[in-house]
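Note sheet for the following structure.
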Amino acid sequence: MALAATLAACGGKGPASSFDSPSVQDVGSESQNSFTPKLASLLGLKSASFDEHGNLRQNVVPIACPEIVLLEGDAAKRVYAGGEANNDLRYQISIDDAARECGRNGDKLEIKVGMRGKVLLGPKGNPGTFNVQGRVAIFDEGEKQEIFSKTYHATVTIPPGRTEGSYTLISDVLQMPFHTEQADQDYAVKIGVSDGSAKKER
């Protein structure tokens, strides 16, 4: 994931078809909001680094925003009617898009994260209402440990005659201690879809 300036959003997009595992891809250092403009525009982080018009204040050093990584084992959630075979699949929740913004506010690094994905019906699935749980975790790269985790919830309704529905989750403004402008070396943002068995929020 390329470095991004303060409040620059970036993310990735994986295939939306079939039941493939989602991925977050590199978007290039010259890109700000071009890769996921619709998702990035929803983040709307307000930072002390910017004035009321959204312009970077003078003498403010841009921040390298922490990269987004998919949590191991939480990239997708599959629910089966019986055995764990494709023919028994009821539905899958996937992550197709991710974006984040960051900025400095005093001695705090502020991060806002967004994710977007789909609920896809499998061979044993039926239309209805589905609950999506998306987890956002912050990892301290120096200590190599998770220091924050929170699960966000969304509801997806798939009507009769349809086989998929979309969701969007936007985090709160998450505040971490600010160390340096190279925040990508201090922290990593990890996301995933959870079945409720994730670690206790803290």
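The values are calculated or read from the model by the stated rules, or taken from the named source; none is laboratory data. What you see is a predicted model, and the numbers here were worked out from it, not measured in a lab. Virtual Cβ from ideal backbone geometry, glycine too; neighbours counted across all protein chains shown. What goes into the accessible areas is simple: the full protein's heavy atoms, side chains included, and nothing from ligands, DNA or RNA. Shrake-Rupley method; radii C 1.70, N 1.55, O 1.52, S 1.80 Å.
Quick one: pull the percent of accessible area on the stretch 68-193 belonging to carbon and sulfur, 1.4 Å probe, ligands and nucleic acids left out. After summing per-atom areas, the C and S share lands at 40 percent. For the stretch 107-202, the convex hull spanned by the alpha carbon atoms encloses 108 Å³ per residue. Each peptide in 138-147, 182-191, 93-102 receives the mean, over its residues, of other Cβ atoms within 10 Å, and ordering these scores from highest gives 93-102, 182-191, 138-147. Checking the cross-link pairs Lys77/Lys150; Lys77/Lys144; Lys144/Lys190; Lys77/Lys190; Lys112/Lys144; Lys150/Lys190 against a 19 Å limit on the alpha carbon distance flags Lys77/Lys144; Lys112/Lys144 as lying beyond it.
Coupling constants for the stretch 158-163 follow from the phi torsions by the Karplus curve (6.51 cos²θ - 1.76 cosθ + 1.60, θ = phi - 60°), and in residue order they are 9, x, x, x, 10, 10 Hz; glycine and proline get x.
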